[in-house]
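Q: Take this structure first; my questions come after.
The values are calculated or read from the model by the stated rules, or taken from the named source; none is laboratory data. Not measured: the values here are computed from a predicted model. Counting neighbours? That spans all protein chains shown, and the Cβs are built from the backbone with ideal geometry, glycine included. Note: accessible area is taken over every heavy atom of the protein model, side chains too, but ligands, DNA and RNA are not part of it. Shrake-Rupley method; radii C 1.70, N 1.55, O 1.52, S 1.80 Å.
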Amino acid sequence: MKKILIGIGIFLIILIMILLNIFQGERAKEVEIEIVKKGEIIETVKMDGRIKAYKQVEIGSDVMGKIEKILVKEREKVKKGDLLCIINPETYKARLFEIKSRISAELSRFNMIKNEYERAKELFSKNLISKSEFEKTEAEYLSLKESLKSDSFVLKEAEENLRKCYIRSPIDGEILRIDKEEGEMAIVGLNVPGNVIMVVADKGKLIVEGEVDEGEVVKIKKGDSVSIKVDALGKREFKGIVENVGGLSISSSTSQEFSLFPVKILLLENDTLLAPGMSASCEIITNKKKDVLTLPYSVIGKEKDRYFVFIKKRGRAEKRFVSIGIQGKESVEIIEGIEEGDSIIKGPQKILNLLKEGERVKEKK
């Protein structure tokens, strides 16, 4: 009898547990609801960069030599053509003198040979000298003529090299920085470390230069509006527009997952506090739509390659697959799958993460 009672007790406990599980399974989950409505959505691309002058020139030397004199100081205003610095010109002066002396001697010799050639030409025409004698004189004349022609190019090069010892400003602007000192060697060559002597900039217009990865750069076009924050100036915002989108990747390594493309943004307003070299954060407005259905990112799930949301319908959760459009900071455009006025289940997140199709739900008060 005791064993029968124990068995009945165990059976009742199991039955109660099953009934409780069934009851709890059917109990509606309390969820938070958001009603679908139309609004505005703005798609942006973020870019970090540095402020530069619209015209900013790195001044280097086209000739090798020691810097003899630096004639300007940092922050000094300069005009186009102003002398900035001098590379020691003595070697180039000596070379120019040497070439001029050689040409002078060649010219004297050429004038003499030219007269001989003219006489030989006349005598040969009257058969008074042999062909071989004439050709010898002609060959010497032509050789010396070519030598003078060649040396004239060498002379121009020597004059140009001497001129390059006196480095002048290519633009009106301000000396941003000076990287060399008098007595240091000027290094020749593009993209050679240490070849910059100083930087001159026209600060009348400023730009922000940065890089955007390949997945985002396709959204950006010239003329897009930009909101710019400069780290050194706190929360203050400046307006700008996209000036240029580079068509050639500047990625320096094949190991990079994404290629990067240069983007230039023109600041539409200037300020005395803004200076080249400052870091800036930019939000480029690539698209804007009004009167469209939008939902926050948090309510949208993903199943394989399809997006979905849960709506509350007749007291149960119903899964709806949706197509999305442009994406804003906090919300996304919904192109199809739901309608204005639908009740979207938006939380609590722990319930939303485990919610299944057909489960009973009720709105949390």
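Q: Looking at Glu357, is it touching a residue at least 24 places away in the same chain (Cβ under 8 Å), out of contact with any Cys (no Cβ under 8 Å at 6 or more places or on another chain) and open to solvent by 90 Å² or more (accessible area, probe 1.4 Å)?
A: On the way: touching a residue at least 24 places away in the same chain (Cβ under 8 Å): yes; out of contact with any Cys (no Cβ under 8 Å at 6 or more places or on another chain): yes; open to solvent by 90 Å² or more (accessible area, probe 1.4 Å): yes.
In short, yes.
Q: Check Ile99 against each of (1) surrounded by fewer than 17 Cβ atoms within 10 Å (Cβ to Cβ); (2) more than 40 Å from the chain's Cα centre (by Cα); (3) within 28 Å of Arg163 (Cα to Cα); (4) among the aliphatic types (A, V, I, L, M) and name the one condition it does not meet.
A: (1)
Q: Moving on. Residues in the range 27-65 that are closer than 16 Å to Val208 by Cα and over 17 Å from the mean Cα position of the chain (by Cα): how many? Lay out the reasoning, then the answer.
A: Within the range 27-65, the subset closer than 16 Å to Val208 by Cα is 45-57.
The next check asks that each one be over 17 Å from the mean Cα position of the chain (by Cα); those that pass are 57.
Number of matching residues: 1.
Q: Considering every residue within the range 163-173, establish whether at least one is farther than 30 Å from Ala275 by Cβ and either surrounded by fewer than 13 Cβ atoms within 10 Å (Cβ to Cβ) or free of Cβ contacts under 8 Å to residues at least 40 places away in the same chain (or both).
A: Filtering the range 163-173 down to residues farther than 30 Å from Ala275 by Cβ leaves 163-165.
In the following step, the residues that additionally are either surrounded by fewer than 13 Cβ atoms within 10 Å (Cβ to Cβ) or free of Cβ contacts under 8 Å to residues at least 40 places away in the same chain (or both) were identified as 163.
Yes, because at least one residue in the range 163-173 is farther than 30 Å from Ala275 by Cβ and either surrounded by fewer than 13 Cβ atoms within 10 Å (Cβ to Cβ) or free of Cβ contacts under 8 Å to residues at least 40 places away in the same chain (or both).
Q: Among (1) outside any loop (DSSP other than H, G, I, E, B); (2) open to solvent by less than 20 Å² (accessible area, probe 1.4 Å); (3) touching a residue at least 40 places away in the same chain (Cβ under 8 Å); (4) out of contact with any helix residue (DSSP H, G or I) (no Cβ under 8 Å at 6 or more places or on another chain), where does Ile338 come up short?
A: (1)
Q: Continuing with the same structure: Applying the selection to the range 240-249, what residues are modelled with pLDDT of 85 or more and in contact with a Ser or Thr (Cβ under 7 Å, 6 or more places away or on another chain)?
A: Ile241
Q: Suppose we filter the range 33-76 for residues that are in a loop (DSSP other than H, G, I, E, B), within 30 Å of Asp172 (Cα to Cα) and open to solvent by less than 50 Å² (accessible area, probe 1.4 Å); how many remain? Even if it seems obvious, please write down each step before you answer.
A: Initially, the range 33-76 is screened for residues in a loop (DSSP other than H, G, I, E, B), giving 36-37, 61-64, 71-76.
Applying the additional criterion that residues be within 30 Å of Asp172 (Cα to Cα) yields 61-64, 71-76.
Now restrict to residues that are open to solvent by less than 50 Å² (accessible area, probe 1.4 Å): 61, 63, 72.
Total satisfying the criteria: 3.
Q: Might you check whether a residue that is assigned to a strand (DSSP E or B), touching a Pro at 6+ places or on another chain (Cβ under 7 Å) and at pLDDT below 90 occurs anywhere in the range 13-32?
A: Yes: one or more hits.
Q: May I pose another question? Taking the stated definitions as given, is Ser259 open to solvent by less than 80 Å² (accessible area, probe 1.4 Å) and modelled with pLDDT of 90 or more?
A: When the stated conditions are applied, Ser259 does not pass them.
Q: Output the residues belonging to the range 175-226 that are within 22 Å of Leu274 (Cβ to Cβ), buried (at least 17 other Cβ atoms within 10 Å of the Cβ) and over 18 Å from the mean Cα position of the chain (by Cα).
A: Answer for the range 175-226, where residues must be within 22 Å of Leu274 (Cβ to Cβ), buried (at least 17 other Cβ atoms within 10 Å of the Cβ) and over 18 Å from the mean Cα position of the chain (by Cα): Ile175, Leu176, Ile178, Met198, Val199, Val200, Ala201, Lys203.
Q: When you scan the range 152-165, do you find a residue that is assigned to a helix (DSSP H, G or I), closer than 30 Å to Lys203 by Cβ, modelled with pLDDT of 85 or more and not hydrophobic (A, V, I, L, M, F, W, C), even just one?
A: Taking every residue of the range 152-165 in turn, at least one turns out to be assigned to a helix (DSSP H, G or I), closer than 30 Å to Lys203 by Cβ, modelled with pLDDT of 85 or more and not hydrophobic (A, V, I, L, M, F, W, C).
Q: I would also like to ask the following. For Lys46, are the conditions met, namely being of a type in the set (D, E, K, R), within 30 Å of Ile335 (Cα to Cα) and modelled with pLDDT of 90 or more?
A: So Lys46 passes the test.
Q: Read through the list (1) surrounded by fewer than 17 Cβ atoms within 10 Å (Cβ to Cβ); (2) over 30 Å from Ile241 (Cα atoms); (3) of a type outside the set (Gly, Ala, Ser), then give the number of the only condition that Glu330 fails.
A: Result: Glu330 fails condition (2) only.
Q: What are the residues in the range 108-127 that are open to solvent by less than 70 Å² (accessible area, probe 1.4 Å) and within 60 Å of the chain's Cα centre (by Cα), if any?
A: If the condition is that a residue be open to solvent by less than 70 Å² (accessible area, probe 1.4 Å) and within 60 Å of the chain's Cα centre (by Cα), then Phe110 is the only one that fits.
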